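Right, one structure below, let's go through it.
The values are calculated or read from the model by the stated rules, or taken from the named source; none is laboratory data. All of these numbers come straight from a predicted model, not from anything done at the bench. Glycine also receives a Cβ, built like all others from the backbone with ideal geometry; neighbour counts cover every protein chain displayed. Accessible surface areas use protein heavy atoms only, side chains included; no ligands, DNA or RNA. Shrake-Rupley method; radii C 1.70, N 1.55, O 1.52, S 1.80 Å.
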Amino acid sequence: MEHIHGSDGSSSSSQQNPKSTAKWAASLEHLLEDPEGVKRFREFLKKEFSEENVLFWLACEDFKKTQDKKQMQEKAKEIYMTFLSSKASSQVNVEGQSRLNEKILEEPHPLMFQKLQDQIFNLMKYDSYSRFLKSDLFLKHKRTEEEEEDPPDAQTAAKRASRIYNT
């Protein structure tokens, strides 16, 4: 793989404009827009045994973009079976869950899960998200970013890198 170097000798593949951790800390929305953020958040939720919340949220986001009726029906059923049914393998905890049944699947529409998605979003936002920002996982990532940005001997690191690449 060819690395493209900026004039300062840094590899453009590692350049993140505003630090991702700063964006993640700004809001849960920002965190969920960043695939890397989602990955880290999922790792964290796995440890907390609540990964199904973010998976449900992502599934709903994907569902809202579905245009095709047949696909919508399949995805709705999948979301229901995975997250909402009383026998769901990754059941999310939403209000009125016991009243949910497969009837909702008969007339699927893009926003059919919106209320539940909002509930789960708020649950994550006021619960897991604030813990995520204090977690080792997040703080370690943040430290790594800060070190990358400001290496103590930037000049020699750049020289070393150019020696490695220009062989």
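Considering region 34-85 alone, what residues qualify as being among the polar types (S, T, N, Q), outside any helix (DSSP H, G or I) and within 18 Å of F121 (Cβ to Cβ)?
From region 34-85, those among the polar types (S, T, N, Q) are 50, 53, 66-67, 71, 73, 82, 85; that's our starting set.
Now narrow it down to the ones that are outside any helix (DSSP H, G or I): 50, 66-67, 85.
Listed by number, the list holds a single entry, S50.
Go through region 42-74 and count every residue that is charged (D, E, K, R) and closer than 22 Å to S135 by Cα. I'd like the intermediate steps shown before the answer.
Of region 42-74, the ones charged (D, E, K, R) are 42-43, 46-48, 51-52, 61-62, 64-65, 68-70, 74.
Then drop every residue that is not closer than 22 Å to S135 by Cα, which leaves 42-43, 46-48, 51-52.
Residues meeting the conditions: 7.
Does at least one position in region 78-86 carry a residue that is in contact (Cβ under 8 Å) with a residue 40 or more places away in the chain, surrounded by 15 or more Cβ atoms within 10 Å (Cβ to Cβ), of a type in the set (A, V, I, L, M, F, W, C) and farther than 16 Å from Y129 by Cα?
As a first pass, look at region 78-86 and keep what is in contact (Cβ under 8 Å) with a residue 40 or more places away in the chain: none.
No.
Can you tell me how many residues in region 39-58 are farther than 21 Å from L84 by Cα and of a type outside the set (F, W, Y)? Working first, answer last.
The first filter runs over region 39-58 and keeps only residues farther than 21 Å from L84 by Cα, leaving 39-41, 43-44, 47.
Adding the requirement that they be of a type outside the set (F, W, Y) leaves 39-40, 43, 47.
Total meeting the criteria: 4.
Please determine, by comparing only the residues of region 98-113 that are in a helix (DSSP H, G or I) and surrounded by 14 or more Cβ atoms within 10 Å (Cβ to Cβ), which one is modelled with the highest pLDDT. Break it down into steps so the answer makes sense when it comes.
First, the residues of region 98-113 that are in a helix (DSSP H, G or I): 98-99, 102-105.
Pick out the ones that are also surrounded by 14 or more Cβ atoms within 10 Å (Cβ to Cβ) and you get 104-105.
Working: I104: 83, L105: 89.
The qualifying residue modelled with the highest pLDDT is L105.
Within region 89-128, which residues are β-branched (V, I, T) and under 14 Å from V54 (Cα atoms)? Talk me through it step by step, then tell me what you get.
Taking region 89-128 as the starting set, the residues that turn out to be β-branched (V, I, T) are 92, 94, 104, 120.
Passing the criteria: V92, V94, I120.
May I ask you to verify whether E145 is at pLDDT below 95, within 18 Å of D34 (Cβ to Cβ), open to solvent by less than 70 Å² (accessible area, probe 1.4 Å) and in contact with a helix residue (DSSP H, G or I) (Cβ under 6 Å, 6 or more places away or on another chain)? Break it down stepwise before answering.
Numbers: at pLDDT below 95: yes; within 18 Å of D34 (Cβ to Cβ): yes; open to solvent by less than 70 Å² (accessible area, probe 1.4 Å): yes; in contact with a helix residue (DSSP H, G or I) (Cβ under 6 Å, 6 or more places away or on another chain): yes.
Yes; evaluated as a whole, the condition is true for this residue.
What's the number of the only condition in (1) open to solvent by 80 Å² or more (accessible area, probe 1.4 Å); (2) at pLDDT 95 or above; (3) in contact with a helix residue (DSSP H, G or I) (Cβ under 8 Å, 6 or more places away or on another chain) that K134 fails to meet?
Result: K134 fails condition (3) only.
Of everything in region 87-107 that's among the hydrophobic types (A, V, I, L, M, F, W, C) and free of Cβ contacts under 8 Å to residues at least 24 places away in the same chain, which residue is nearest to V38 (Cα to Cα)? Lay out the reasoning, then the answer.
Taking region 87-107 and keeping what is among the hydrophobic types (A, V, I, L, M, F, W, C), we get 88, 92, 94, 100, 104-105.
Okay, now just the ones that are also free of Cβ contacts under 8 Å to residues at least 24 places away in the same chain, so 88, 100.
Values: A88: 22, L100: 28 Å.
Of everything passing the filter in region 87-107, A88 is nearest to V38 (Cα to Cα).
Confirm whether S128 is small (G, A, S), in a helix (DSSP H, G or I) and surrounded by 13 or more Cβ atoms within 10 Å (Cβ to Cβ). Quick ask: steps written out before the conclusion?
Details: small (G, A, S): yes; in a helix (DSSP H, G or I): yes; surrounded by 13 or more Cβ atoms within 10 Å (Cβ to Cβ): yes.
Here the answer is yes, as S128 does meet what is asked.
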